[in-house]
Amino acid sequence: MNPLEAWIRDQERLAQEQAAPVSCLKGPWGEPVPQNILVLQLARFGDLVQTWPLLTRLRQAYSGARLTLLTDHRLLPLQAAGPEVDEVLGFDFLRLGSLTAGDWPGAYQLVADFLKSLQTRHFDLVFNLNFSRLSLLLTHLLSVPAKGYLPAKGGREFSREPWLAWIYSLVHARRFNRFHLTDVFRHLAPEPAAVPAVSPLAALQQSEPVIALQLATRHERRTWPLEHFTRLAEHLVSRIQAQVMLMGTPAERPLGEKLKAALAPALRERVLNLQGETGLKELAAQLQQAHLVVSGDTGTLHLAAALKVPAVALFLGPALCFETGPYGSGHYVLQAEPPCHPCTEVASPCPEEGPICLKMLPPEAVARLISGWLETGAAPSDLPLPAGSRLYRSELDNFGVGYRYLGEEPPRFEDLVGEAYRQAGAWLAARMYEVGGGDQGPVAPASSLGTCSGDLQKVEILLAALRRGMQVPPEFPEVAAALQPLIAFQAEMQRQDNQDLYIGVKEVFSAQLENGLSLSR
């Protein structure tokens, strides 16, 4: 056994001797109001930004509590643009990775010292937003009530409270998921008694607009082709006299230089390549100078949305706007939805010539969307898009963010089922805090008028399966897929001996499907 493993076992033994095991906080009135809260967000740039609404909600719900955020130390400058907290702590993941490669005593000492510094702060509630080994270990060894991903078997494994179990069940059929990651985090905390009004987006300028382009994403299947960005930049500069800023990391700078080189010399002067020249704090400042941001599913997109900068999001491959689109009201998303959508980064049924979705968001359509938005304040009603591509506009309701389809195609089976899952999730989120009066209230249902008969038949078959033991005829695989999240949630609630929650979400899910069916007839 290596020294770090031995130390972990010693800490587990001490925790068992000195404190009760970590348990799930049941509600704001079920236990003493926390006075010292730690939020663990050890994931990427975008995940941290999407944690900000949770921090705001915690500040509102527990106004007298001290609030501490723990994140990757490389992201510490970013928090200056986020909501106010009492303390921000950073952990050096790069150093830990280097030490575990050949210096186990050093790795042990780094983690031990950091844990000791956390223990001296005497937290009484932890929100663990990750299921990494480190976050689970820290949550376990702090030995205080926890929310989010809960450590099991000494921090070696994790369990999910019902809200996260519901969200995770939709991994089995992502095309039906209508829960944004920001709202997943936000609904881990009780809703405050008074909810402040949401600030509007910044106004778009008609003359000399400044438009920021984020050229790269973390994976090629999520990334709009560079030649498309080049054609878009040419349109923005030559047709609407925009100033263009290229955002990104030092490694991405050659992309920007290649884009500029492809432009006519007179146009290059209006394109500023800032890739690799801005730290996180400077990035936030530069984005606030932009009137509009164009990006794929990136941290830059989430930061722009958090700063109330209007965004045009280009979502391809694994990226699904319902999960990680720009948060807030009034952003636009162009989503490629081929039959294989959404795929994964690891495996994909893409043909040999490459992902078909890369051809589904033409730069001419993106340029027309931006021009129309700048001129009229809204997207053009006749935006030309290939079959399988959709335009959405983000909207906020009393549960969180949603994305309204702006085309003429009637609601599909996946839209009706996705709405039913969202309604059931809203009920569950409210149910978790019903003792404290944190009812979210009903979510406004999407209109289902005009749904095609084939999709209505699938809804009828789904309702019949819900009434008769979840059995679906084999000739309807899409209906069977729509049931998988509910079946997965049922199994988890059985494991947690919490069948009442499963029965409740099933009833709401069924009622929403019935409502959609009646509206469509």
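No lab work stands behind these numbers, since they all come straight from the coordinates. Predicted, not measured: the structure shown is a model, and the values here were computed from it. Counting neighbours? That spans all protein chains shown, and the Cβs are built from the backbone with ideal geometry, glycine included.
Here are the numbers:
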item: Percent of beta bridges antiparallel (DSSP, the chain, rounded to nearest 5); result: 30 percent
item: Within region 329-420, GluC sites (Glu not before Pro) in DSSP loop having at most 15 other beta-carbon neighbours inside 10 Å; result: 345, 352, 353, 408
item: Cα centroid separation, region 71-130 to region 314-342 (Å); result: 32 Å
item: 222 nm mean residue ellipticity, helices alone, for the chain (DSSP H n ≥ 4; -39,500 (n - 2.57); rounded to 500); result: -12500 deg cm²/dmol
item: Residue-by-residue Karplus 3J(HN,Hα) for region 131-140, coefficients 6.51, -1.76, 1.60, Hz, glycine and proline x; result: 10, 6, 4, 5, 5, 5, 5, 4, 4, 5
item: Reachable aspartates and glutamates from residue 308, criterion Cα separation under 15 angstrom, eight or more residues apart if same chain; result: 395
item: Neighbour-count order for 258, 458, 153, fewest beta carbons within 10 angstrom listed first; result: 153, 258, 458
item: Three-way shape call for region 210-399 based on the alpha-carbon gyration tensor, with the a/c threshold at 1.5; result: rounded
item: Anchor residue 359: lysines whose Cα lies under 29 Å away (excluding residues fewer than 8 positions away in-chain); result: 258, 260
item: Peptides ranked, highest mean first, by Cβ atoms within 10 Å: ranges 498-504, 244-250, 464-470, 423-429; result: 423-429, 244-250, 498-504, 464-470
item: Ranking of 357, 321, 343 by count of other Cβ atoms within 10 Å, fewest first; result: 343, 321, 357
item: Overall form of the chain per C-alpha gyration tensor (a/c, 1.5; a/b vs b/c); result: oblate
item: Per-peptide average of other Cβ atoms within 10 Å, ordering 111-118, 485-492, 228-235 highest first; result: 228-235, 485-492, 111-118
item: Residue exposure sequence - 344, 217, 324 - by fewest surrounding Cβ within 10 Å; result: 344, 324, 217
item: Summed residue charge, Cβ within 14 Å of residue 491's Cβ, Lys/Arg positive, Asp/Glu negative; result: +1
item: Cut-off 11 Å (backbone N to label point 7 Å along Cα→Cβ of residue 506), residues of region 409-435; result: none
item: Ranked packing of 82-90, 54-62, most packed first, by mean Cβ within 10 Å; result: 54-62, 82-90
item: Sequence-separation-based contact order of the chain, relative, with Cα cut under 8 Å and 6+ spacing, percent; result: 14 percent
item: Environment charge of residue 167, counting only residues whose C-beta is closer than 13 Å and scoring Lys/Arg +1, Asp/Glu -1; result: +1
